């Protein structure tokens, strides 16, 4: 499985998830190129260990386990994966 | 200290404990984003021959994806400034003064070694266990491998409503075939194969809205092969206080989602599967019953009261008795006193400000820092320790910047290793751990298991020595 960052992150990019992700799989970090440009953060599905840390940390409830993503945000699963496929 | 943190004079830091908080502290020091040119030597000590703390000894065997977090720690360990000294116990093999003789700073990352007690009659009857001992036992921790649990009774009771309680309920009900694909300790696999437990009752002191399970752990309980999860519909009808709490948003998403999950469980009804997990809420144990060993548990019904904004469980006169042959209490871990450090008996932690140890007289203990559970208490998940460690390392590096670091008598790794050769000739280096790791993985391979753990100190030391031959 993986976790997915969805729409509520847009305009928020709070980074709490980056601070707690135990495997550093959320990008871009504030110190990485492209941070200012992206609308929201992304979880690398190849690296995510499904630990739930981002869900607990997120102040705007943007993170979901892949099988719990609300239907209206379904496309974000693909959007997260595509960011790392570049 | 001028020019500390350079090639000529690296900053030397000892970390006591190699669990997640210790490793994140090491990682933040060795790959500091704020001080990219800092030269650091990090010496990590563990009382066990193996690293990774609760990732090896706590995370349930059927959670291999979570254990994959260790790849991050392996990467940290490959840094040239990193050394591991396993089978070296703080307070036995090395003491406070030893570490401060050879390091500029010492970070205690020892976690919380013991459990909290219930304080009720019968707690010490045979058959009454801290969940921590069961967890250590099924994970092959050398301290617990000799324990003998009796699973010959049809019902077990687990006291607590957190993820450890969920782990225990799952481990007691997982089908043998699934458990046999994990890295569960061999002795536990054999003993659990003979288990006659049919039902595990999990007791929560407060209501379903206050349960401390994370969503995935609670979801998992409802998805175990051939196990019914049973919730009384009356238990998930929320009391007015809890409903208000949920609706005002004072409760987080996790609590709201937990309620949804539990309401779905309540609607399922039993399906006659091989085993059952029964989740009970608003009940507290008042006594363990039995003559020579546990035969039952008396519980009382609780009600929630609003006390200054937080909902407290208060006991009522309604009681009942549940027959059971074994009880696991999972109501929290607790830290223990460490040589040379102040200790807060109430919280079971080392008093600190942002990770800087603070003595009894409220003055700073220069050179002493804490991370993880011994710093903030036994809460949070693995990732919580990453942010926690960042705070401590930020404090340490700010102290370095401010020159607020005491110069040790002999800040040299050679001198430390001379001491270890004398005090602890059987210590295990990182290469020794890699030999253990290789041996365990190879042993598991023919059976399609991730590893078969070595579970005695002797076996582990033998495997660690093998690399030399």
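One line per residue, one yes/no per condition, for (1) away from chain A (no Cβ under 14 Å); (2) touching a helix residue (DSSP H, G or I) at 6+ places or on another chain (Cβ under 6 Å); (3) under 20 Å from residue B:453 (Cβ atoms):
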site: B:47; (1), (2), (3): yes, no, yes
site: B:53; (1), (2), (3): no, no, yes
site: B:56; (1), (2), (3): yes, no, yes
site: B:63; (1), (2), (3): no, no, yes
site: B:72; (1), (2), (3): no, no, no
site: B:76; (1), (2), (3): no, yes, no
site: B:81; (1), (2), (3): yes, yes, no
site: B:84; (1), (2), (3): yes, yes, yes
site: B:88; (1), (2), (3): yes, no, no
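Among the residues of the stretch B:378-426, write down those that are in a helix (DSSP H, G or I), in contact (Cβ under 8 Å) with a residue 40 or more places away in the chain, out of contact with any strand residue (DSSP E or B) (no Cβ under 6 Å at 6 or more places or on another chain) and within 14 Å of chain A (Cβ to nearest Cβ).
B:385, B:386, B:388, B:389, B:390, B:393, B:394
Mind checking whether some residue in the stretch B:223-235 is farther than 20 Å from residue B:269 by Cα and either out of contact with any helix residue (DSSP H, G or I) (no Cβ under 7 Å at 6 or more places or on another chain) or modelled with pLDDT under 95 (or both)?
no
Among the residues of the stretch B:62-82, are any part of a loop (DSSP other than H, G, I, E, B), surrounded by 22 or more Cβ atoms within 10 Å (Cβ to Cβ), touching a strand residue (DSSP E or B) at 6+ places or on another chain (Cβ under 9 Å) and touching a residue at least 12 places away in the same chain (Cβ under 8 Å)?
no
If you scan the stretch B:225-255, which residues turn out to be within 14 Å of chain A (Cβ to nearest Cβ) and without any contact (Cβ under 8 Å) to a residue 12 or more places away in the chain?
Listed by number, the residues that qualify are B:249, B:252, B:253.
Every residue in the stretch A:57-86 that is modelled with pLDDT under 95, more than 14 Å from chain B (Cβ to nearest Cβ) and not in a helix (DSSP H, G or I), please.
A:86
Quick check, is residue B:29 surrounded by fewer than 21 Cβ atoms within 10 Å (Cβ to Cβ) and in contact (Cβ under 8 Å) with a residue 12 or more places away in the chain?
No.
I'd like to verify a number: residues in the stretch B:113-126 that are closer than 30 Å to residue B:389 by Cβ and modelled with pLDDT of 95 or more, how many?
0
Among the residues of the stretch A:25-56, write down those that are under 13 Å from residue B:383 (Cβ atoms), part of a loop (DSSP other than H, G, I, E, B) and within 7 Å of chain B (Cβ to nearest Cβ).
Within the stretch A:25-56, A:49, A:50, A:51, A:52 qualify.
Mind checking which residues of the stretch B:102-119 are over 18 Å from the mean Cα position of the chain (by Cα), more than 17 Å from residue B:369 (Cβ to Cβ) and touching a residue at least 60 places away in the same chain (Cβ under 8 Å)?
B:118
Step by step: first the residues of the stretch A:1-15, then only those that are in a loop (DSSP other than H, G, I, E, B) and farther than 16 Å from residue A:85 by Cα, then the one that is nearest to the other protein chains (Cβ to nearest Cβ). Which residue is that?
A:1
Please find, within the stretch B:349-377, the residue that is surrounded by the fewest Cβ atoms within 10 Å (Cβ to Cβ) out of those that are in a loop (DSSP other than H, G, I, E, B) and modelled with pLDDT of 95 or more.
Applying the filter and picking the extreme gives B:354.
Kindly list the number of the only condition in (1) within 14 Å of chain B (Cβ to nearest Cβ); (2) crowded, with 18+ Cβ neighbours inside 10 Å; (3) in a loop (DSSP other than H, G, I, E, B) that fails for residue A:18.
(3) is the only condition that residue A:18 fails.
Could you identify the single residue in B:288, B:279, B:337 that is over 15 Å from residue B:204 (Cβ atoms), in a strand (DSSP E or B) and within 28 Å of the chain's Cα centre (by Cα)?
B:288 is the lone residue from the list that is over 15 Å from residue B:204 (Cβ atoms), in a strand (DSSP E or B) and within 28 Å of the chain's Cα centre (by Cα).
List the helices (runs of 4 or more DSSP H) that sit entirely inside the stretch B:127-204 and contain at least 2 residues that are at pLDDT 95 or above, surrounded by 22 or more Cβ atoms within 10 Å (Cβ to Cβ) and touching a strand residue (DSSP E or B) at 6+ places or on another chain (Cβ under 8 Å).
Helices (runs of 4 or more DSSP H) meeting the threshold: B:131-138, B:163-173.
The values are calculated or read from the model by the stated rules, or taken from the named source; none is laboratory data. What you are looking at is a predicted structure, and each value in this text was computed from that prediction instead of being measured. Quick reminder, even Gly has a Cβ in these numbers, built from the backbone with ideal geometry, and neighbours come from all protein chains shown.
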